[in-house]
Amino acid sequence: MKKLIIIIFAVIATFMVLQQVNAQAISKKKADKATAQWKYELEGAGVGTQGTYLVKVWTYSKNKNVAIEQCKKNAVHGIIFKGFAGNDKVRSGQKPLAKNPAIEKENADFFKVFFQNGGKYMAFVTCSADAANELIKVGKEYKAGVVVSVNVSELRKSLEAAGIIRSLSDGF
């Protein structure tokens, strides 16, 4: 009888673990799908150390945890493809690193790997030590605001080495 109870308990525990792993996989797929839409806003958040931009990124998602987690990915994407305008905290905005908006489509395979969960983009972004995360409910979605620091000089070097963007010294 004891063995039967132990076996039943082990089967139930295994089932619960597998169900949790499956739920996490589904959540990651939803996060990737939401990220593929690149629905975010980027604004200057102050002065970063030399070679970095301090930005506040606002990410939208139906899941608040997904929204907060995607902020880093969206910040790097914004620095590469959108840039950001200046505001009270940052007098001058910054243009995107990629001068040609078609670069993202032309190098889709590169960026798919670059922006995958835990991808290379993570090497260039960190949450600011004084980052005050904001979470606002907007209709059926959450709008998460996170201040992050993006190491633009290293990001630029990496993209130049991969042949994605041209060096600043090209053309002189």
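Summary table
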{"read-out": "Qualifying positions in segment 117-140 - modelled with pLDDT of 85 or more, touching a helix residue (DSSP H, G or I) at 6+ places or on another chain (Cβ under 9 Å) and within 17 Å of LYS73 (Cβ to Cβ)", "value": "ASN117, GLY119, LYS120, TYR121, MET122, ALA123, PHE124, VAL125, THR126"}
{"read-out": "Residues being at pLDDT 80 or above and under 17 Å from GLU104 (Cβ atoms) - total across segment 32-69", "value": "4"}
{"read-out": "Which numbered condition LYS2 misses (of (1) farther than 29 Å from GLY163 by Cβ; (2) modelled with pLDDT of 90 or more)", "value": "(2)"}
{"read-out": "Residue in segment 44-67 that is nearest to LYS140 (Cα to Cα), counting only those that are in contact with a Gly (Cβ under 9 Å, 6 or more places away or on another chain) and surrounded by fewer than 21 Cβ atoms within 10 Å (Cβ to Cβ)", "value": "TRP58"}
{"read-out": "Residue within segment 80-97 that is in contact with an Asp or Glu (Cβ under 8 Å, 6 or more places away or on another chain), among the polar types (S, T, N, Q) and surrounded by fewer than 19 Cβ atoms within 10 Å (Cβ to Cβ) present", "value": "yes"}
{"read-out": "Selected residue [among the hydrophobic types (A, V, I, L, M, F, W, C) and more than 12 Å from VAL150 (Cα to Cα)] from ALA85, ALA75", "value": "ALA85"}
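The values are calculated or read from the model by the stated rules, or taken from the named source; none is laboratory data. Remember, predicted model here, so these are calculated numbers, not experimental data. Methodologically, a virtual Cβ is constructed for each residue, glycine included, from the backbone with ideal geometry; neighbour enumeration extends over all protein chains shown.
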